[in-house]
Amino acid sequence: MKNNILIVDDHEIFRNGVRQLLEKETDIEVIGEAEDGVEAIEKANLLKPNIVLMDISMPNLSGIEAAKNILAAHQDIKVLLLSLYDKKEYVLKAIKMGAHGYILKDEPNKVFLKAIRKVSSGDFYYSGDISHVIIQNLTSLSSSSKVKEEEVRYHLSKREVQILTEIASGNSNKVISENFGVSIRTIESHRQNIMRKLRASNIEDAISRAKLEDIIS
């Protein structure tokens with residue numbers, strides 16, 4: 001049987017590259033694509049893939065949240081998460097929510113293929129750069145091993161978290177400035193600081209990363 005794959009990533013160029021790689025393999029078939037977490041859930045429900053290749057950081061709904069939804073609804077679907085980052089927090093979240101693997105986007109093509117086949121066979125697969133200690137000691141994690149709140153929050157101030165929550169709710173700079181009684185310029189300055197602290201290229205990426213880190217809901 002072929003491995004039916006759903007590719008989920010908000011960058012079309014990346015999706016196309018992965019599709020071209022996988023379509024060369026006789027035991028793999030790409031049956032669909034999605035560009036965010038919301039569409040990923042819809043496509044998974046409709047297409048019933050064997051494996052979902054899911055980017056972690058996406059607009060509208062993060063890969064972690066989308067994966068949770070898919071795994072809860074479909075016991076026979078496996079999720080292989082993709083990311084540019086090998087941060088401990090991300091890996092722990094992936095394991096805790098039941099992902100079958102986690103690989104870095106800059107891995108060689110052969111790693112992508114190996115990961116898919118490993119996951120398909122019922123194994124788990126994590127990139128070599130990701131600490132195996134985290135996986136081996138997952139069941140013994142205690143409150144003392146949790147990432148410090150200051151570290152998880154990237155040192156965002158309380159006001160920055162409030163403003164990011166307002167932005168994520170769809171409020172404009174003008175509305176937010178009125179809600180907090182400050183100038184629009186001040187809100188714009190906060191937006192820039194938020195993106196810088198979260199190491200995000202745009203506000204959508206900042207929102208996605210903040211949700212992934214449980215900074216905002």
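So here's what we get for this one:
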item	result
Percentage relative contact order, the chain, counting C-alpha pairs under 8 Å, at least six apart	16 percent
Accessible area per residue, Å², the chain with all protein chains present, probe 1.4 Å	52 Å²
Quarter of Cα convex hull surface for the range 27-113, i.e. mean projection, nm²	5.5 nm²
Estimated inter-spin distance, K118 and M97, nm [label 7 Å along Cα→Cβ]	2.1 nm
Spherically averaged projected area of the chain from its Cα convex hull (nm²)	12.7 nm²
For the range 69-78, 3J(HN,Hα) per residue [Karplus equation, 6.51 cos²θ - 1.76 cosθ + 1.60, θ = phi - 60°, Hz, x = Gly/Pro]	4, 5, 5, 5, 8, 9, 5, 8, 9, 10
Helix axis angle, 203-212 relative to the chain longest principal axis, alpha carbon, degrees	70 degrees
Dipole in debye (nearest 20) - the chain, about Cα centre, beta carbon charges: Lys, Arg +1; Asp, Glu -1	520 debye
Value of relative contact order over the range 1-89, rounded to a whole percent, pairs C-alpha under 8 Å and six or more apart	29 percent
Separation in nanometres of the label points that stand 7 Å from Cα toward Cβ, at T186 and K24	5.6 nm
Helical contribution to [θ] at 222 nm, DSSP H n ≥ 4, -39,500 (n - 2.57), averaged over the chain, rounded to 500	-14000 deg cm²/dmol
Between 0 and 90°, nearest 10: helix 37-47 axis offset from the chain longest Cα axis	30 degrees
F112 accessible area, assembled protein chains, probe 1.4 Å, Å²	10 Å²
Segments 49-62, 22-35 sorted - mean Cβ within 10 Å per residue, highest first	49-62, 22-35
Nearest 10 degrees, 0 to 90: helix 158-168 Cα axis against the chain principal axis	60 degrees
Cβ-derived FRET efficiency at R0 41 Å, T165 paired with M1, nearest 0.05	0.35
Gain in span if fully extended, A73 to L46, counting 0.36 nm per residue against the direct Cα distance	8.5 nm
Length gained when the stretch V38-S217 is fully extended (0.36 nm per residue, less Cα-Cα span)	62.9 nm
Of K118/K211; K43/K68; K24/K88; K87/K118; K24/K96; K43/K87, pairs whose Cα-Cα distance is over 25 Å	K118/K211; K24/K88; K24/K96; K43/K87
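The values are calculated or read from the model by the stated rules, or taken from the named source; none is laboratory data. This one's a predicted model, so the numbers in the text were calculated from it and none came from an experiment. Positions of Cβ are generated from backbone atoms using ideal geometry, with glycine treated the same way; all protein chains shown enter the neighbour counts. Note: areas computed on protein heavy atoms with side chains; ligands, DNA, RNA excluded. Shrake-Rupley method; radii C 1.70, N 1.55, O 1.52, S 1.80 Å.
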